[in-house]
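The values are calculated or read from the model by the stated rules, or taken from the named source; none is laboratory data. These numbers were taken from a predicted model, which means no experiment stands behind them. Counting neighbours? That spans all protein chains shown, and the Cβs are built from the backbone with ideal geometry, glycine included. Side chains are part of the model used for accessible areas, which takes the heavy atoms of the whole protein and leaves out ligands, DNA and RNA. Shrake-Rupley method; radii C 1.70, N 1.55, O 1.52, S 1.80 Å.
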Amino acid sequence: MSDDTIPEPDRVEGAPHPRETAQLFGQAKAERDFLDAFAAGRLHSGWLITGPRGVGKATLAWKIAAFLLASAETGLFGDPTLEVSPDHPDARLIQSGAHPRLALIRRPWDDKTKKLRAEITVDAVRSLKTFFQMSAADGGRRVVIVDAADELNRNAANAILKELEEPPEKCTILLIAHQPSRLLPTIRSRCRELRCGTLSADDLQKALAQAGHDVENSESLATLAGGSAGDAIRLLNHDGLPLYAELVNLLNGLPRIDRPQALKLAESCAGRGADIRFGMTLDLLDLFLSRAARAGLMGEPNAQGAPGEARLLARLAPDDGAARRWAQLQQDLSNRSRHGRAVNLDPAALILDMIFKIEETAQGVAAA
(Lines give C-alpha, C1' and ligand atoms only; values in the text may rest on other atoms or scores of the structure.)
Protein backbone atom coordinates (compact mmCIF):
# COMPACT_ATOMS: atom_id res chain seq x y z
CA MET A 1 0.00 0.00 0.00
CA SER A 2 1.40 3.41 -0.99
CA ASP A 3 1.71 6.33 1.42
CA ASP A 4 -1.12 8.08 -0.42
CA THR A 5 -3.60 5.28 0.29
CA ILE A 6 -2.70 4.54 3.93
CA PRO A 7 -5.57 5.82 6.12
CA GLU A 8 -4.75 8.69 8.45
CA PRO A 9 -5.64 7.82 12.06
CA ASP A 10 -6.10 11.50 12.91
CA ARG A 11 -8.62 12.20 10.14
CA VAL A 12 -12.39 11.94 10.61
CA GLU A 13 -14.03 10.48 7.52
CA GLY A 14 -16.16 13.12 5.85
CA ALA A 15 -14.20 16.06 7.27
CA PRO A 16 -11.03 17.89 6.27
CA HIS A 17 -7.86 16.91 8.10
CA PRO A 18 -7.15 19.28 11.03
CA ARG A 19 -4.20 20.79 9.14
CA GLU A 20 -6.65 21.68 6.33
CA THR A 21 -9.39 23.13 8.55
CA ALA A 22 -9.70 26.82 7.81
CA GLN A 23 -11.43 28.05 10.97
CA LEU A 24 -11.57 26.84 14.56
CA PHE A 25 -14.91 27.36 16.28
CA GLY A 26 -15.72 27.55 19.97
CA GLN A 27 -12.21 27.45 21.44
CA ALA A 28 -11.46 31.16 21.83
CA LYS A 29 -10.35 30.77 25.46
CA ALA A 30 -7.77 28.10 24.65
CA GLU A 31 -6.46 30.22 21.79
CA ARG A 32 -6.26 33.27 24.05
CA ASP A 33 -4.48 31.35 26.82
CA PHE A 34 -1.77 30.23 24.40
CA LEU A 35 -1.34 33.67 22.86
CA ASP A 36 -1.14 35.31 26.28
CA ALA A 37 1.65 32.92 27.28
CA PHE A 38 3.47 33.52 23.98
CA ALA A 39 3.21 37.30 24.27
CA ALA A 40 4.49 37.18 27.85
CA GLY A 41 7.51 35.09 26.87
CA ARG A 42 6.22 32.02 28.74
CA LEU A 43 6.21 29.58 25.85
CA HIS A 44 6.34 26.15 27.48
CA SER A 45 8.17 23.36 25.68
CA GLY A 46 5.23 21.01 26.33
CA TRP A 47 1.52 21.75 25.88
CA LEU A 48 -1.28 19.30 26.68
CA ILE A 49 -4.40 20.05 24.62
CA THR A 50 -7.32 18.34 26.34
CA GLY A 51 -11.08 18.06 25.98
CA PRO A 52 -13.73 15.74 24.53
CA ARG A 53 -13.10 14.02 21.22
CA GLY A 54 -14.06 15.96 18.11
CA VAL A 55 -14.24 19.51 19.52
CA GLY A 56 -11.24 20.95 17.65
CA LYS A 57 -8.19 19.97 19.73
CA ALA A 58 -6.20 18.80 16.71
CA THR A 59 -7.23 21.85 14.70
CA LEU A 60 -5.96 24.04 17.54
CA ALA A 61 -2.66 22.12 17.60
CA TRP A 62 -2.13 22.60 13.87
CA LYS A 63 -2.96 26.30 14.10
CA ILE A 64 -0.47 26.72 16.94
CA ALA A 65 2.12 24.84 14.88
CA ALA A 66 1.59 27.10 11.87
CA PHE A 67 1.75 30.19 14.08
CA LEU A 68 5.05 29.12 15.67
CA LEU A 69 6.70 27.95 12.46
CA ALA A 70 5.72 31.09 10.60
CA SER A 71 7.01 33.17 13.54
CA ALA A 72 3.73 35.10 13.33
CA GLU A 73 3.79 37.90 15.83
CA THR A 74 1.49 40.36 14.14
CA GLY A 75 -1.58 41.25 16.12
CA LEU A 76 -0.11 40.37 19.52
CA PHE A 77 -0.33 43.97 20.63
CA GLY A 78 -3.76 44.52 19.18
CA ASP A 79 -6.18 41.71 18.45
CA PRO A 80 -4.29 38.45 19.14
CA THR A 81 -4.84 35.71 16.61
CA LEU A 82 -3.30 32.41 15.60
CA GLU A 83 -4.27 32.91 11.97
CA VAL A 84 -1.52 32.58 9.37
CA SER A 85 -2.15 33.39 5.74
CA PRO A 86 -2.57 30.21 3.66
CA ASP A 87 -0.15 31.79 1.17
CA HIS A 88 2.63 32.01 3.75
CA PRO A 89 5.52 29.70 2.73
CA ASP A 90 5.39 27.81 6.03
CA ALA A 91 1.62 27.37 5.73
CA ARG A 92 2.07 25.94 2.24
CA LEU A 93 4.67 23.46 3.49
CA ILE A 94 2.39 22.40 6.34
CA GLN A 95 -0.52 21.83 3.96
CA SER A 96 1.67 19.65 1.76
CA GLY A 97 2.83 17.62 4.76
CA ALA A 98 6.45 18.46 3.98
CA HIS A 99 7.48 21.06 6.54
CA PRO A 100 11.04 20.18 7.64
CA ARG A 101 10.55 21.63 11.13
CA LEU A 102 7.26 19.86 11.91
CA ALA A 103 6.96 16.25 13.09
CA LEU A 104 3.69 14.35 13.49
CA ILE A 105 3.53 11.34 15.80
CA ARG A 106 0.47 9.12 15.38
CA ARG A 107 -0.48 5.45 15.16
CA PRO A 108 1.62 3.78 12.45
CA TRP A 109 0.57 1.42 9.69
CA ASP A 110 1.30 -2.28 10.17
CA ASP A 111 2.36 -3.83 6.85
CA LYS A 112 1.81 -7.35 8.20
CA THR A 113 -1.80 -6.93 9.28
CA LYS A 114 -2.60 -4.22 6.71
CA LYS A 115 -4.17 -2.17 9.48
CA LEU A 116 -3.30 0.82 11.62
CA ARG A 117 -1.73 -0.24 14.89
CA ALA A 118 -3.90 0.12 17.99
CA GLU A 119 -1.18 2.12 19.77
CA ILE A 120 1.57 4.61 19.05
CA THR A 121 4.76 2.57 19.23
CA VAL A 122 8.12 3.54 20.64
CA ASP A 123 9.68 3.42 17.16
CA ALA A 124 7.41 6.28 16.11
CA VAL A 125 8.70 8.40 18.98
CA ARG A 126 12.33 7.38 18.46
CA SER A 127 12.10 8.81 14.95
CA LEU A 128 12.14 12.23 16.64
CA LYS A 129 15.90 11.92 17.21
CA THR A 130 16.48 11.99 13.46
CA PHE A 131 13.97 14.84 13.11
CA PHE A 132 15.71 16.94 15.77
CA GLN A 133 19.12 16.35 14.18
CA MET A 134 17.95 17.33 10.70
CA SER A 135 15.72 20.23 11.72
CA ALA A 136 18.40 21.88 13.86
CA ALA A 137 20.31 23.01 10.77
CA ASP A 138 18.31 26.17 9.99
CA GLY A 139 17.95 27.30 13.61
CA GLY A 140 14.21 27.99 13.42
CA ARG A 141 11.44 26.87 15.75
CA ARG A 142 10.48 23.21 15.68
CA VAL A 143 7.12 21.68 16.53
CA VAL A 144 6.03 18.13 17.34
CA ILE A 145 2.34 17.12 17.32
CA VAL A 146 1.34 13.90 19.09
CA ASP A 147 -2.18 12.83 18.09
CA ALA A 148 -3.31 11.36 20.33
CA ALA A 149 -1.15 11.03 23.44
CA ASP A 150 -3.74 8.65 24.94
CA GLU A 151 -2.62 6.12 22.33
CA LEU A 152 1.05 6.04 23.36
CA ASN A 153 2.04 2.61 24.64
CA ARG A 154 4.16 2.44 27.78
CA ASN A 155 7.54 2.54 26.04
CA ALA A 156 6.41 5.33 23.70
CA ALA A 157 5.09 7.35 26.67
CA ASN A 158 8.43 7.01 28.44
CA ALA A 159 10.23 8.12 25.29
CA ILE A 160 8.03 11.23 25.01
CA LEU A 161 8.60 11.94 28.70
CA LYS A 162 12.34 11.97 28.09
CA GLU A 163 11.90 14.59 25.36
CA LEU A 164 9.75 16.70 27.69
CA GLU A 165 12.32 16.44 30.47
CA GLU A 166 15.18 17.49 28.19
CA PRO A 167 13.49 19.45 25.38
CA PRO A 168 15.62 20.38 22.40
CA GLU A 169 16.24 24.08 21.87
CA LYS A 170 13.39 26.02 20.23
CA CYS A 171 11.13 22.98 20.24
CA THR A 172 7.45 22.90 21.22
CA ILE A 173 5.71 19.56 21.79
CA LEU A 174 1.91 19.61 21.43
CA LEU A 175 0.18 16.56 22.92
CA ILE A 176 -3.49 16.04 22.09
CA ALA A 177 -5.33 14.04 24.77
CA HIS A 178 -8.96 12.94 24.83
CA GLN A 179 -8.47 11.28 28.23
CA PRO A 180 -5.53 12.97 29.98
CA SER A 181 -6.06 10.87 33.10
CA ARG A 182 -4.65 7.91 31.14
CA LEU A 183 -1.31 9.68 30.68
CA LEU A 184 1.67 9.31 32.98
CA PRO A 185 1.40 11.88 35.81
CA THR A 186 4.96 12.93 34.98
CA ILE A 187 3.91 13.76 31.40
CA ARG A 188 1.01 15.87 32.64
CA SER A 189 3.24 17.69 35.13
CA ARG A 190 5.73 18.62 32.38
CA CYS A 191 3.07 20.28 30.22
CA ARG A 192 0.88 23.33 30.40
CA GLU A 193 -2.75 22.45 29.71
CA LEU A 194 -5.00 24.05 27.12
CA ARG A 195 -8.58 22.94 27.76
CA CYS A 196 -11.04 22.74 24.86
CA GLY A 197 -14.75 22.60 25.70
CA THR A 198 -17.77 21.20 23.90
CA LEU A 199 -19.26 23.30 21.10
CA SER A 200 -22.42 25.32 21.42
CA ALA A 201 -25.26 24.46 19.05
CA ASP A 202 -24.33 27.46 16.89
CA ASP A 203 -20.61 26.60 16.76
CA LEU A 204 -21.45 22.96 16.04
CA GLN A 205 -23.60 24.04 13.10
CA LYS A 206 -20.78 26.24 11.76
CA ALA A 207 -18.20 23.49 12.15
CA LEU A 208 -20.41 21.02 10.28
CA ALA A 209 -21.05 23.52 7.49
CA GLN A 210 -17.29 24.12 7.14
CA ALA A 211 -16.79 20.34 6.84
CA GLY A 212 -19.32 20.25 4.01
CA HIS A 213 -22.34 18.99 5.97
CA ASP A 214 -25.22 21.39 5.39
CA VAL A 215 -27.46 19.93 8.09
CA GLU A 216 -30.65 21.57 9.19
CA ASN A 217 -30.93 22.15 12.92
CA SER A 218 -31.43 18.61 14.17
CA GLU A 219 -32.34 18.02 17.81
CA SER A 220 -31.33 14.37 17.61
CA LEU A 221 -27.94 15.08 16.04
CA ALA A 222 -27.08 17.87 18.48
CA THR A 223 -28.20 15.75 21.43
CA LEU A 224 -26.24 12.65 20.51
CA ALA A 225 -23.14 14.53 19.36
CA GLY A 226 -22.91 16.31 22.71
CA GLY A 227 -21.12 19.36 21.33
CA SER A 228 -18.60 17.34 19.30
CA ALA A 229 -18.34 18.06 15.58
CA GLY A 230 -16.32 14.88 15.10
CA ASP A 231 -19.03 12.75 16.72
CA ALA A 232 -21.72 14.52 14.69
CA ILE A 233 -19.88 13.72 11.45
CA ARG A 234 -19.44 10.07 12.47
CA LEU A 235 -23.16 9.84 13.20
CA LEU A 236 -23.99 11.31 9.81
CA ASN A 237 -21.48 9.14 7.94
CA HIS A 238 -22.51 5.85 9.50
CA ASP A 239 -26.28 6.16 9.89
CA GLY A 240 -25.96 6.74 13.62
CA LEU A 241 -29.28 8.53 13.97
CA PRO A 242 -31.46 5.72 12.55
CA LEU A 243 -29.39 3.16 14.47
CA TYR A 244 -29.99 5.00 17.75
CA ALA A 245 -33.71 5.17 16.94
CA GLU A 246 -33.60 1.40 16.39
CA LEU A 247 -31.95 0.90 19.79
CA VAL A 248 -34.52 3.11 21.53
CA ASN A 249 -37.32 1.18 19.84
CA LEU A 250 -35.84 -2.10 21.09
CA LEU A 251 -35.27 -0.81 24.63
CA ASN A 252 -38.79 0.63 24.80
CA GLY A 253 -39.88 -2.92 25.63
CA LEU A 254 -37.93 -2.93 28.91
CA PRO A 255 -38.03 -4.45 31.44
CA ARG A 256 -38.60 -7.23 28.87
CA ILE A 257 -36.67 -7.34 25.62
CA ASP A 258 -38.14 -8.61 22.36
CA ARG A 259 -35.76 -11.55 21.74
CA PRO A 260 -36.16 -11.81 17.93
CA GLN A 261 -35.71 -8.05 17.60
CA ALA A 262 -32.58 -8.16 19.78
CA LEU A 263 -31.16 -11.07 17.76
CA LYS A 264 -31.79 -9.22 14.49
CA LEU A 265 -29.90 -6.18 15.78
CA ALA A 266 -27.00 -8.31 17.02
CA GLU A 267 -26.69 -10.23 13.75
CA SER A 268 -26.59 -6.96 11.81
CA CYS A 269 -23.30 -6.18 13.63
CA ALA A 270 -21.59 -9.40 12.53
CA GLY A 271 -20.19 -10.62 9.26
CA ARG A 272 -18.21 -9.09 6.45
CA GLY A 273 -18.37 -5.31 6.25
CA ALA A 274 -20.20 -4.88 9.56
CA ASP A 275 -17.25 -3.54 11.55
CA ILE A 276 -18.42 0.06 11.42
CA ARG A 277 -21.99 -0.78 12.47
CA PHE A 278 -20.63 -2.96 15.29
CA GLY A 279 -18.46 -0.13 16.64
CA MET A 280 -21.26 2.40 16.28
CA THR A 281 -23.70 0.11 18.13
CA LEU A 282 -21.28 -0.29 21.04
CA ASP A 283 -20.76 3.48 21.20
CA LEU A 284 -24.50 4.21 21.11
CA LEU A 285 -25.29 1.64 23.80
CA ASP A 286 -22.68 3.32 25.98
CA LEU A 287 -24.24 6.71 25.25
CA PHE A 288 -27.72 5.45 26.11
CA LEU A 289 -26.53 4.15 29.49
CA SER A 290 -24.82 7.46 30.19
CA ARG A 291 -28.03 9.32 29.40
CA ALA A 292 -30.03 6.93 31.60
CA ALA A 293 -27.72 7.59 34.55
CA ARG A 294 -27.96 11.34 33.97
CA ALA A 295 -31.76 11.18 33.74
CA GLY A 296 -31.92 9.51 37.15
CA LEU A 297 -30.08 12.46 38.67
CA MET A 298 -31.49 15.34 36.63
CA GLY A 299 -34.91 14.15 35.48
CA GLU A 300 -36.33 13.67 32.02
CA PRO A 301 -34.05 15.32 29.42
CA ASN A 302 -35.24 18.40 27.55
CA ALA A 303 -33.85 17.11 24.25
CA GLN A 304 -33.91 13.57 22.95
CA GLY A 305 -31.76 11.54 20.61
CA ALA A 306 -34.69 9.68 19.07
CA PRO A 307 -38.50 9.79 19.26
CA GLY A 308 -39.71 8.42 22.58
CA GLU A 309 -36.28 8.46 24.21
CA ALA A 310 -37.05 11.09 26.86
CA ARG A 311 -40.07 9.19 28.16
CA LEU A 312 -38.12 5.89 28.13
CA LEU A 313 -35.25 7.40 30.13
CA ALA A 314 -37.66 8.87 32.68
CA ARG A 315 -39.25 5.46 33.13
CA LEU A 316 -35.99 3.54 33.42
CA ALA A 317 -34.27 6.02 35.75
CA PRO A 318 -36.88 7.49 38.12
CA ASP A 319 -34.45 8.34 40.95
CA ASP A 320 -30.82 8.56 42.01
CA GLY A 321 -30.79 4.90 43.06
CA ALA A 322 -31.57 3.91 39.50
CA ALA A 323 -28.98 6.40 38.29
CA ARG A 324 -26.31 4.57 40.28
CA ARG A 325 -27.36 1.23 38.79
CA TRP A 326 -27.15 2.56 35.24
CA ALA A 327 -23.83 4.31 35.88
CA GLN A 328 -22.33 1.08 37.25
CA LEU A 329 -23.67 -0.87 34.28
CA GLN A 330 -22.17 1.65 31.89
CA GLN A 331 -18.76 1.18 33.50
CA ASP A 332 -19.06 -2.62 33.48
CA LEU A 333 -20.20 -2.81 29.85
CA SER A 334 -17.57 -0.31 28.74
CA ASN A 335 -14.90 -2.60 30.18
CA ARG A 336 -16.63 -5.58 28.60
CA SER A 337 -16.69 -3.80 25.23
CA ARG A 338 -12.97 -2.95 25.34
CA HIS A 339 -12.08 -6.51 26.30
CA GLY A 340 -14.35 -7.95 23.62
CA ARG A 341 -12.76 -5.83 20.92
CA ALA A 342 -9.25 -6.65 22.12
CA VAL A 343 -9.76 -10.42 21.98
CA ASN A 344 -12.05 -10.37 18.92
CA LEU A 345 -15.15 -11.78 20.58
CA ASP A 346 -18.02 -12.59 18.23
CA PRO A 347 -19.76 -9.24 17.62
CA ALA A 348 -23.29 -10.66 17.70
CA ALA A 349 -22.63 -12.51 20.96
CA LEU A 350 -21.12 -9.40 22.56
CA ILE A 351 -24.06 -7.18 21.53
CA LEU A 352 -26.61 -9.73 22.77
CA ASP A 353 -24.78 -10.08 26.08
CA MET A 354 -24.85 -6.31 26.58
CA ILE A 355 -28.55 -6.07 25.72
CA PHE A 356 -29.40 -8.83 28.20
CA LYS A 357 -27.36 -7.07 30.90
CA ILE A 358 -29.42 -3.94 30.21
CA GLU A 359 -32.59 -6.02 30.53
CA GLU A 360 -31.39 -7.49 33.84
CA THR A 361 -30.67 -4.02 35.23
CA ALA A 362 -34.04 -2.68 34.09
CA GLN A 363 -35.77 -5.52 35.88
CA GLY A 364 -33.79 -4.75 39.02
CA VAL A 365 -34.81 -1.08 38.84
CA ALA A 366 -38.46 -2.02 38.29
CA ALA A 367 -38.41 -4.34 41.32
CA ALA A 368 -36.74 -1.81 43.63
Expected single match for buried (at least 17 other Cβ atoms within 10 Å of the Cβ) and in a loop (DSSP other than H, G, I, E, B) among Pro86, Pro100, Pro167 is Pro167
Query raised in the report: Do the conditions hold for Leu161, that is, is it modelled with pLDDT of 95 or more and either open to solvent by 70 Å² or more (accessible area, probe 1.4 Å) or closer than 20 Å to Pro18 by Cβ (or both)?
Result: no
Of the residues in the range 280-302, those that are open to solvent by less than 90 Å² (accessible area, probe 1.4 Å) and over 15 Å from Leu224 (Cβ atoms) come to Ala293, Gly296, Gly299
Inside the range 189-209, the number of residues satisfying the requirement of being at pLDDT below 95 and open to solvent by 80 Å² or more (accessible area, probe 1.4 Å) is 2
| said: For the structure I just gave you, tell me whether Ala61 is assigned to a loop (DSSP other than H, G, I, E, B) and either of a type outside the set (Val, Ile, Thr) or open to solvent by 30 Å² or more (accessible area, probe 1.4 Å) (or both). | reply: no
Here the qualifying pairs (Cβ atoms under 8 Å; residues six or more apart or on different chains; first in the range 213-224 and surrounded by 14 or more Cβ atoms within 10 Å (Cβ to Cβ); second among the charged types (D, E, K, R)) come out as Leu224/Asp231
Asp138: passes all of (1) open to solvent by less than 30 Å² (accessible area, probe 1.4 Å); (2) within 24 Å of Phe67 (Cβ to Cβ); (3) not aliphatic (A, V, I, L, M) but (1)
Within the range 21-58, of all residues that are part of a loop (DSSP other than H, G, I, E, B) and polar (S, T, N, Q), the one farthest from the chain's Cα centre (by Cα) is Ser45
Per the filter on the range 189-206, residues among the hydrophobic types (A, V, I, L, M, F, W, C) and more than 22 Å from Glu163 (Cα to Cα) are Cys196, Leu199, Ala201, Leu204
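Conditions (1) over 23 Å from the mean Cα position of the chain (by Cα); (2) more than 22 Å from Leu60 (Cα to Cα), marked per residue:
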{"residue": "Gln133", "(1), (2)": "yes, yes"}
{"residue": "Asn158", "(1), (2)": "no, yes"}
{"residue": "Cys171", "(1), (2)": "yes, no"}
{"residue": "Leu184", "(1), (2)": "no, yes"}
Point to revise | Meets criteria (touching a strand residue (DSSP E or B) at 6+ places or on another chain (Cβ under 7 Å) and either modelled with pLDDT under 95 or among the hydroxyl-bearing types (Ser, Thr, Tyr) (or both)) for Thr172 | key: yes
